[in-house]
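Novice: Here it is: the structure, laid out below.
The values are calculated or read from the model by the stated rules, or taken from the named source; none is laboratory data. In this text the structure is predicted, and so the values were computed from the model without any measurement. Here the Cβ positions follow ideal geometry from the backbone for every residue, glycine too, while neighbour counts run over all protein chains shown.
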């Protein structure tokens with residue numbers, strides 16, 4: 001009998017890494033709703049070829065183009081073929097999740113909660129549907145504090161386990177070497193409104209002695225390039241395998257999002273020893289110790305971020321030491337341990 005039959009949207013690399021780690025301790029089988037997505041991602045974002053666990057892909061195309069009814073029927077067949085102790089559903093926003101939720105007993109239904117209290121509604125129709133979904137869930141695996149607050153606000157009375165992340169990143173090939181502050185900052189994000197990049201560009205307009213590298217693509221690219229000052233460089237999309245060297249070439253990562261369910265790049269930055277400046281709306285802000293390995297700031301307060309950047313020359317030695325001391329392995333072990 002399986003310990004976990006896991007249903008999740010896509011075989012993204014950090015999920016595959018997590019399932020590989022779980023498979024060394026548990027009997028698991030993973031069902032992916034689709035093979036890919038229409039969203040523009042780095043070519044190596046999906047990593048199913050590295051899977052070391054039993055799995056099945058319901059639709060060999062983009063998630064947005066799948067036939068949900070056909071997928072649901074395939075899933076129900078799989079549930080009958082693979083006895084399990086726990087059905088771990090990767091969300092509540094897909095028809096397939098509801099299909100599994102309906103036919104599996106509450107005593108076996110568990111949910112991965114990657115939505116946070118920041119970007120989620122706790123009133124209205126959507127919230128009502130989430131409350132209904134939680135009625136037949138016995139255990140919720142939440143990413144962090146902001147996610148735990150969401151299920152609490154929705155009235156969940158079951159077991160809550162904190163995962164300390166959304167998956168396991170690829171271990172960095174190398175860490176940054178200790179070096180003097182060079183006034184070089186980097187932001188890695190889709191060029192969309194929720195990433196709050198106009199806010200960031202306005203701050204850097206007032207700090208011409210600092211440089212910002214902006215990695216990513218999106219619908220706001222043209223507008224952002226028009227408003228950017230000379231100290232901002234646009235690097236476009238960068239494969240995940242190249243992020244390590246790029247992060248090591250900078251002094252700090254900035255993630256100013258107004259809503260960010262987690263923010264995997266925060267882990268990737270800390271893993272190489274890079275200082276992180278993260279908005280309070282990012283789920284991964286729980287990894288940041290103010291004044292130790294970075295700072296947490298309000299996503300609407302330009303003055304606060306500007307002050308942190310202006311003071312970086314004096315705080316950088318302490319922050320850099322703290323970032324270099326961050327333990328990725330301990331974080332990964334804690335995440336795997338949440339499932340054991």
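Novice: Being buried (at least 21 other Cβ atoms within 10 Å of the Cβ), in contact with a helix residue (DSSP H, G or I) (Cβ under 9 Å, 6 or more places away or on another chain) and either assigned to a helix (DSSP H, G or I) or in the same structural domain as residue 29 (by TED's automatic domain parsing) (or both) narrows it down to one residue among 120, 115; which is it? Give the derivation first.
Specialist: Values: 120 fails: buried (at least 21 other Cβ atoms within 10 Å of the Cβ).
So the residue among 120, 115 that is buried (at least 21 other Cβ atoms within 10 Å of the Cβ), in contact with a helix residue (DSSP H, G or I) (Cβ under 9 Å, 6 or more places away or on another chain) and either assigned to a helix (DSSP H, G or I) or in the same structural domain as residue 29 (by TED's automatic domain parsing) (or both) is 115.
Novice: Can you tell me which residue among 79, 128 is part of a helix (DSSP H, G or I) and surrounded by fewer than 16 Cβ atoms within 10 Å (Cβ to Cβ)? Talk me through it step by step, then tell me what you get.
Specialist: Values: 79 fails: surrounded by fewer than 16 Cβ atoms within 10 Å (Cβ to Cβ).
Only one candidate passes the filter, namely 128.
Novice: Continuing with the same structure: Got at least one residue in the range 160-179 being part of a loop (DSSP other than H, G, I, E, B), surrounded by fewer than 17 Cβ atoms within 10 Å (Cβ to Cβ) and modelled with pLDDT of 95 or more?
Specialist: Within the range 160-179, none of the residues are part of a loop (DSSP other than H, G, I, E, B), surrounded by fewer than 17 Cβ atoms within 10 Å (Cβ to Cβ) and modelled with pLDDT of 95 or more.
Novice: Next question. If we keep just the residues of the range 194-230 that are under 20 Å from the mean Cα position of the chain (by Cα) and assigned to a helix (DSSP H, G or I), which is surrounded by the most Cβ atoms within 10 Å (Cβ to Cβ)?
Specialist: Kept after step one, since they are under 20 Å from the mean Cα position of the chain (by Cα), are these residues of the range 194-230: 194-197, 214-218.
Still in the running and assigned to a helix (DSSP H, G or I): 194-195, 197.
On the way: 194: 14, 195: 26, 197: 28.
Here the answer is 197.
Novice: Of all residues in the range 245-272, which are in a loop (DSSP other than H, G, I, E, B) and more than 20 Å from residue 232 (Cβ to Cβ)?
Specialist: Selection gives 259, 261, 262, 263, 272.
Novice: So which residues in the range 310-340 are farther than 30 Å from residue 15 by Cβ and crowded, with 21+ Cβ neighbours inside 10 Å?
Specialist: Taking the range 310-340 as the starting set, the residues that turn out to be farther than 30 Å from residue 15 by Cβ are 310-321.
Scanning the range 310-340 gives 319, 320.
Novice: Just to check your reading of the model, which residue among 133, 97 is in the same structural domain as residue 14 (by TED's automatic domain parsing), over 27 Å from residue 13 (Cβ atoms), touching a residue at least 40 places away in the same chain (Cβ under 8 Å) and not in a loop (DSSP other than H, G, I, E, B)? Working first, answer last.
Specialist: On the way: 97 fails: over 27 Å from residue 13 (Cβ atoms).
From the options 133, 97, the qualifying one is 133.
Novice: Additional query: Just name the residue that is farthest from the chain's Cα centre (by Cα) out of those in the range 13-35 that are in a strand (DSSP E or B) and crowded, with 21+ Cβ neighbours inside 10 Å. Step through it out loud before you land on a result.
Specialist: The initial filter retains those residues of the range 13-35 that are in a strand (DSSP E or B), namely 28-32.
Restricting the remaining residues to those that are crowded, with 21+ Cβ neighbours inside 10 Å gives 28, 30-32.
On the way: 28: 22, 30: 19, 31: 20, 32: 18 Å.
Here the answer is 28.
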